[in-house]
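Encoded as structure tokens, here's the structure I'll be asking about.
Rule-based calculations on the coordinates, nothing more; no lab input. No experiment lies behind these values; they were computed from the predicted model shown. Please note: Cβ atoms are built from the backbone with ideal geometry, for glycine as well, and neighbour counts cover all protein chains shown.
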Amino acid sequence: MRKITMRAALLEALNEEMERDETTVLFGEDVGKFGGINAVTKGLYEKFGSTRVFDTPIAEPTIVAAAVGMAITGNARPIPELQFGDFVGIAFDEVFNKMGKWRFMHGGQMEMPVTLRLPIGIAGGAGPEHSQSPQALFMHGPGLQIVIPSTPYDAKGLLKTAIRDNNAVLFFEHKVLYDMKGEVPEEEYLIPFGKADIKRSGTDVTIIATALQVHTALAAADELAVQGVEVEVIDPRTLAPLDMETILESVRKTGRALIVHEEPKTGGSGAEIAAQIQEGALFDLSAPIRRIGSPDVPIAQSIYLEQFYTPSKDQITKAVNELMEY
Amino acid sequence: MAETYVKEVETKSYTKEVLVDFYKTMAKIRKFDENLIKLMAEGKVSGFYHSGIGSEGLSAGSIRQNLRDEDYIYYNHRGCNQKIAKGVPLSKIYGDFLGTIEGTTRGLGAGIVHSADPSRGVLGQAGTIGSQLGLSVGTAYTSKLTGSDQVTVVYFGDGAASREMLHGSLNWAGLYKLPIIYICENNEYAISCHVSETHSVKENIADWADGYGIPNCVVDGNDVLLMHEVVKEAVERAKRGEGPTFIEAQTFRHRGHFEGDPYDYVDVEILQNWKDTKDPITNFAAKLMLDKVVTEEDLEKINKEIDVEIAEAIQKAEAAPLPNPERIYEGLFA
Ligand SMILES: Cc1ncc(C[n+]2csc(CCOP(=O)(O)OP(=O)(O)O)c2C)c(N)n1
């Protein structure tokens, strides 16, 4: 099968969905002629014109609010972008209270077909306000679906689903993954929300990982296999809805669970997943649930210090070995 | 509508010392920037850098001889122009890029936007551009609270001016008559977008201030003396308790938004024209020589001295160690 980058996969999804549905409208800072600072929207302006693809002022709350205002008319399907996912903080009310709750607050009379794209993650000295992974904040926000792909295949299928969905989607893209290549078929496909993917099967320990950490976990699993420890790596792909069924099934089999993400450990998505594992499978566990996240401090700008934030393969193999002692 | 600030400014109304200080500051800013780009090319500095080359006059003119250490600035994310003009030691700024403990952040690294030197009124900056517009009203309000005559100067780009926060900030500043000087560094572009594509204005960004009853003007930001004069008047007004001023200073960036930006969205001729005819340093040097304030040899000597100062600063910053990894656990709380 052909291999393309996650950037190319995302762009294909945007192209196909914008062709398919002319109510789609894409906007954000530098997404037009420039093609986006991550080059994910290249060529869309030329193809779909300046009304459906436009550069906005630097005004994140207005970007999100405008998307909400478009969506609730029922006549538009907005795909806004925030240049960095960190900037969601600037538009917090618009995301958390408007995008997430408008439909419910008004008795379910309107729909919220918004796909807000948010590039995230530590990616080489970008500093405390351009490197974060804020997705867990929104697990606490009703009305928001949270998508976080780890491969080009997943990215494309999930983005297409997101755009067609009539509910709000926060679509988190790890910046380091943009250049990562993977198999993507030529034919059209969609990936449903709430369906985790088992990226590697194993019998001894379940690792639940997201985004870039799926790849770190897989690398650790390769190493552990040589030692005779078989790790199962599960990528939830969407944190809301969260496919606990797949996770619980795996944990019941292995009896050991490790959750790995780049978000800070405290209050990260792993906290919720761990809580749900113990609710659903406490007596199947033979070891305490472990979590690896980044330290609970702001991300330093220094590229040297940055390495101490991203979970590493060694941290994972060590944690797995410790779990195996039970 | 915003008027264009015009004033006949002659070199003879300044002492030679002051004029040379303006020149030195601009030259230092540019050489700092050029050398930082070199460090990036050598792979010693990473992350994002937005070169400030081309707009040195705006910072040197507004800060030098106008602001004291106790006056506050919120610098913008373009180069290190304002920090240098405010006197933050070069070795400390380089240290913040190199991530050594010489930096103001003692090794956390700061890039452009997180250096701080409260002893010189430099209170930092945000990764989210324009956030300083909100903070500045609080800082300026504090001068009222304590009855001091400290002023707050807040720098931001034309792009940052499109943030909603600007309007909240102007409303507060006008309402409470806060001692703020807004300096909009209008280099026409916010990354790839021309100001005309992203701003709804009568003619100039400064026109927005009109609606809040805030005195405003547009000025040639590449004329260091004009910049000095216009900010001097604003500082005096602020100190008299007459409130804020909004200054839109026009300039242009010589390089792309960040290092590595193809910069192909700007007409090459327009860019060349700014470089050839409106370079703040070249033009000021010519003026100083024409008015016989300095000779070419004087300027050469000054430039050599700056080269030495920069080399020493880099050496000091590079010689300092990286922090130990535990550094990230220090300083979150007092
Ligand atoms: C709130 C926020 N939105 C977007 C960005 C990304 N960004 C950084 S600089 C920039 C353009 C700024 O343009 P301008 O304010 O005109 O300053 P210039 O870079 O031209 O000096 C953008 C969009 C950011 N850092 N913060």
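When the residues of segment B:194-215 are filtered to those that are within 14 Å of chain A (Cβ to nearest Cβ) and more than 21 Å from the chain's Cα centre (by Cα), which remaining residue is farthest from B:A234 (Cα to Cα)? Before the answer, list the steps.
Filtering segment B:194-215 down to residues within 14 Å of chain A (Cβ to nearest Cβ) leaves B:194-201, B:205, B:208.
Now drop any that are not more than 21 Å from the chain's Cα centre (by Cα), which leaves B:196-201, B:208.
Numbers: B:S196: 27, B:E197: 30, B:T198: 28, B:H199: 25, B:S200: 26, B:V201: 23, B:W208: 17 Å.
Among them, the one singled out is B:E197.
Right, another one. Does segment B:159-189 hold any residues that are touching a residue at least 60 places away in the same chain (Cβ under 8 Å) and either within 14 Å of the ligand (Cβ to nearest atom) or in a helix (DSSP H, G or I) (or both), and which are they?
If the condition is that a residue be touching a residue at least 60 places away in the same chain (Cβ under 8 Å) and either within 14 Å of the ligand (Cβ to nearest atom) or in a helix (DSSP H, G or I) (or both), then B:A160, B:L170, B:A173, B:G174, B:Y182, B:I183, B:C184, B:E185, B:N186, B:N187, B:E188, B:Y189 are the ones that fit.
Okay, next question. I'm trying to understand the selection: among the residues of segment A:103-119, which are polar (S, T, N, Q) and closer than 12 Å to A:E173 by Cβ?
Step one: filter segment A:103-119 for residues polar (S, T, N, Q), giving A:109, A:115.
Within segment A:103-119, A:T115 is the sole residue that qualifies.
Moving on. Residues being surrounded by fewer than 22 Cβ atoms within 10 Å (Cβ to Cβ) and among the aliphatic types (A, V, I, L, M): count how many of those fall in segment B:99-128.
5
Within the bounds of segment A:114-126, is there any residue that is touching a strand residue (DSSP E or B) at 6+ places or on another chain (Cβ under 7 Å), more than 18 Å from B:T128 (Cβ to Cβ), away from chain B (no Cβ under 14 Å) and part of a loop (DSSP other than H, G, I, E, B)? Before the answer, list the steps.
Our first condition is that a residue be touching a strand residue (DSSP E or B) at 6+ places or on another chain (Cβ under 7 Å); within segment A:114-126, this holds for A:114-122.
Add one more test, that the residue is more than 18 Å from B:T128 (Cβ to Cβ), and what stays is A:114-115.
Filter once more, keeping what is away from chain B (no Cβ under 14 Å): A:114-115.
Filter once more, keeping what is part of a loop (DSSP other than H, G, I, E, B): A:114.
Yes; the residues of segment A:114-126 include at least one that is touching a strand residue (DSSP E or B) at 6+ places or on another chain (Cβ under 7 Å), more than 18 Å from B:T128 (Cβ to Cβ), away from chain B (no Cβ under 14 Å) and part of a loop (DSSP other than H, G, I, E, B).
Something else: Only one residue in A:A91, A:A136 is of a type outside the set (S, T, Y) and either within 11 Å of A:A168 (Cα to Cα) or within 16 Å of the ligand (Cβ to nearest atom) (or both). Which one? Even if it seems obvious, please write down each step before you answer.
Numbers: A:A136 fails: either within 11 Å of A:A168 (Cα to Cα) or within 16 Å of the ligand (Cβ to nearest atom) (or both).
Selected residue: A:A91, the only one of A:A91, A:A136 that is of a type outside the set (S, T, Y) and either within 11 Å of A:A168 (Cα to Cα) or within 16 Å of the ligand (Cβ to nearest atom) (or both).
For B:G52, which of the numbered conditions (1) surrounded by fewer than 23 Cβ atoms within 10 Å (Cβ to Cβ); (2) within 16 Å of the ligand (Cβ to nearest atom) fails to hold?
Looking at each condition in turn, B:G52 falls short on (1).
Any idea which residue in segment A:228-253 is farthest from A:R200 (Cα to Cα), counting only those that are free of Cβ contacts under 8 Å to residues at least 40 places away in the same chain, more than 22 Å from the chain's Cα centre (by Cα) and not in a helix (DSSP H, G or I)?
Applying the filter and picking the extreme gives A:G228.
Being under 30 Å from B:S115 (Cβ atoms) and either surrounded by 24 or more Cβ atoms within 10 Å (Cβ to Cβ) or among the β-branched types (V, I, T) (or both) is the filter here; which residues of segment A:88-117 pass it? Don't jump to the end; show me each part of the working.
Quick first cut of segment A:88-117, residues under 30 Å from B:S115 (Cβ atoms) only: A:88-92.
Once the filter is applied, which keeps residues that are under 30 Å from B:S115 (Cβ atoms) and either surrounded by 24 or more Cβ atoms within 10 Å (Cβ to Cβ) or among the β-branched types (V, I, T) (or both), segment A:88-117 yields A:V88, A:I90.
Sort out which residues of segment B:129-149 are buried (at least 20 other Cβ atoms within 10 Å of the Cβ), away from chain A (no Cβ under 14 Å) and not β-branched (V, I, T), and write them in order of number.
The answer is B:S136, B:A140, B:S143.
Right, another one. Could you check segment A:3-54 and list, in sequence order, the residues that are assigned to a loop (DSSP other than H, G, I, E, B), closer than 18 Å to A:R164 by Cα and touching a residue at least 60 places away in the same chain (Cβ under 8 Å)?
Scanning segment A:3-54 gives a single hit, A:D21.
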